[in-house]
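Here the structure is laid out as structure tokens; the discussion comes afterwards.
The values are calculated or read from the model by the stated rules, or taken from the named source; none is laboratory data. The model shown is predicted, which means the values in this text are computed figures rather than measured ones. Please note: Cβ atoms are built from the backbone with ideal geometry, for glycine as well, and neighbour counts cover all protein chains shown. Surface areas here come from the heavy atoms of the whole protein model, side chains and all, with no ligands, DNA or RNA. Shrake-Rupley method; radii C 1.70, N 1.55, O 1.52, S 1.80 Å.
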Amino acid sequence: MEIMLSPEDLAYRHQCKMYARGELAELAERFGEINYVPEALRLSLARAGFFKYLIPEKYGGYGLSAVRVCLAREVLAGTYGPADVTLAMQGLGSYPIVLAGTDAQKQKFLPSVASGERLTTFALTEMGAGSDVSSLETVAKPIHGGYCLSGRKRFISNGYSADMAIIFAKTRTADNPKAISAFVIEKGTKGYEVDRRLELISAHDIVSLKLDRAVLPKENLIGKIGDGFKLAMQTLNFMRMTVGAAAVGMGQAALDEALAYAMRRVQFGSPISRQQAIKFKIAEMATALEAARLLVYRAAIKKDHGAPDVALAASMAKLYATEAAWRVIDQAVQIHGGVGVMKNSKVERLYREVRPLRIYEGTSEIQKLIISRAVFKAAEKPK
Ligand SMILES: Cc1cc2nc3c(=O)[nH]c(=O)nc-3n(C[C@H](O)[C@H](O)[C@H](O)COP(=O)(O)OP(=O)(O)OC[C@H]3O[C@@H](n4cnc5c(N)ncnc54)[C@H](O)[C@@H]3O)c2cc1C
């Protein structure tokens, strides 16, 4: 994998690892499994500059780099899930503005996302609209000077801690009854609130949101009316590969734990690492992770080079890496025997943490639909 990265990227990876081993490991120890983003975590991630690779230089970032975001997510996810989710949400909750925001929106929101002053989120999913995004029912009604938003969103990560959100809502017109548009909303807007905090199998700040006739000025519309679906898909096409990176990081952390445990656990008079059955598991785990890594960085490099087939590469990376990491972590639990299912052992936590990755930002089944569609399309092209 190293040959795919520049010396500067490799130095950045080293820097991420140093941060994770030091400051982040301390924060993980201090806060444990949490359902909010502590200020100390937000400030620490911000100081380390992680958010800046999501934002163009003109607006306070270092310039968008999918490779750097993947390198960071790989390391953060292996160390402390809430840190990884926070980086991911800063990306999901700002990219629509990066893509289609007005200069005024960019000036207002992007520098504060880059500096970590503001946490943001991405609110697409609803009770009746999960995989089928187009069936969402939140409505933005045009009113004098702006829009009035009503509806509910669910499964919104960092929704409790976020200072702002990108909201997707229907803006029906006679000629486009299915039109979806994107809006930026700030915490404190009348009618916009957390409806309910949700509990998952692993630590996560996740909520359902309520919009009860929340009034937004027309300046909060991102892009043009009806651009929302395209903006949501473009954002997911970027961030999906980074979910793959997070999965690789979790899988690697589990493999490292399994290696150390296998070398020290003695049964039948010798460390279990001497058993061929364990060696074969380790070989399969290491190979699966390396293959996943290659797909992830291939997609990230394509994104940074503006390649036309990024969406396909991102779906392949997400599908393969999240499925592989889940299997790797399951094998790591197996290598730990009973210790592997003890509450709060590292592999037990990873086992719970990796599971949602095969669901969010498009389930594995949806990735397969995207991939197969592209494969059939290519096959139908005249040779
Ligand atoms: C931890 C977590 C964090 C999340 N964070 C966010 C967030 O920040 N913002 C946000 O907007 N959303 C978020 N989500 C929502 C997430 O994107 C959705 O859960 C996901 O898109 C799936 O939707 P659903 O849960 O409604 O499942 P459904 O769409 O109801 O799917 C149920 C099952 O049916 C399968 N299925 C559905 N349609 C098809 C089909 N056409 N072909 C084959 N199989 C199909 C699915 O693959 C799945 O296995 C989060 C979810 C989780 C679990």
Here are some residues: 11, 72, 20. Which one is hydrophobic (A, V, I, L, M, F, W, C), modelled with pLDDT of 95 or more, surrounded by fewer than 14 Cβ atoms within 10 Å (Cβ to Cβ) and not in a loop (DSSP other than H, G, I, E, B)?
11
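Restricting the search to the stretch 75-87, which residues are of a type in the set (A, V, I, L, M) and either surrounded by fewer than 24 Cβ atoms within 10 Å (Cβ to Cβ) or outside any helix (DSSP H, G or I) (or both)?
87, the sole residue that qualifies.
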Of the numbered conditions (1) more than 16 Å from the ligand (Cβ to nearest atom); (2) surrounded by fewer than 23 Cβ atoms within 10 Å (Cβ to Cβ), residue 292 satisfies every one except a single condition; which is it?
(2)
Name the strands (runs of 3 or more DSSP E) wholly inside the stretch 92-157 in which the number of residues that are closer than 30 Å to residue 202 by Cα is 3 or more.
120-123, 146-157
For the stretch 302-327, enumerate the residues that are surrounded by fewer than 20 Cβ atoms within 10 Å (Cβ to Cβ), modelled with pLDDT of 95 or more and more than 17 Å from the chain's Cα centre (by Cα).
304, 305, 306, 307, 327
Scan the stretch 166-187 for residues that are open to solvent by 10 Å² or more (accessible area, probe 1.4 Å) and either among the acidic types (Asp, Glu) or under 20 Å from residue 155 (Cα atoms) (or both) and report the count.
4
Cβ contacts < 9 Å: first residue within 16 Å of the ligand (Cβ to nearest atom), restricted to the stretch 114-125; second residue basic (Lys, Arg) and open to solvent by less than 10 Å² (accessible area, probe 1.4 Å), any location; separation 6+ or different chain. Result?
123/153; 124/153; 125/153
Identify all residues within the stretch 333-350 that are farther than 22 Å from residue 29 by Cβ, touching a residue at least 40 places away in the same chain (Cβ under 8 Å) and open to solvent by 20 Å² or more (accessible area, probe 1.4 Å); write none if there are none.
334, 337
Give me a count of the residues in the stretch 31-62 that are over 19 Å from residue 80 (Cβ atoms) and loosely packed, with under 14 Cβ neighbours inside 10 Å.
2
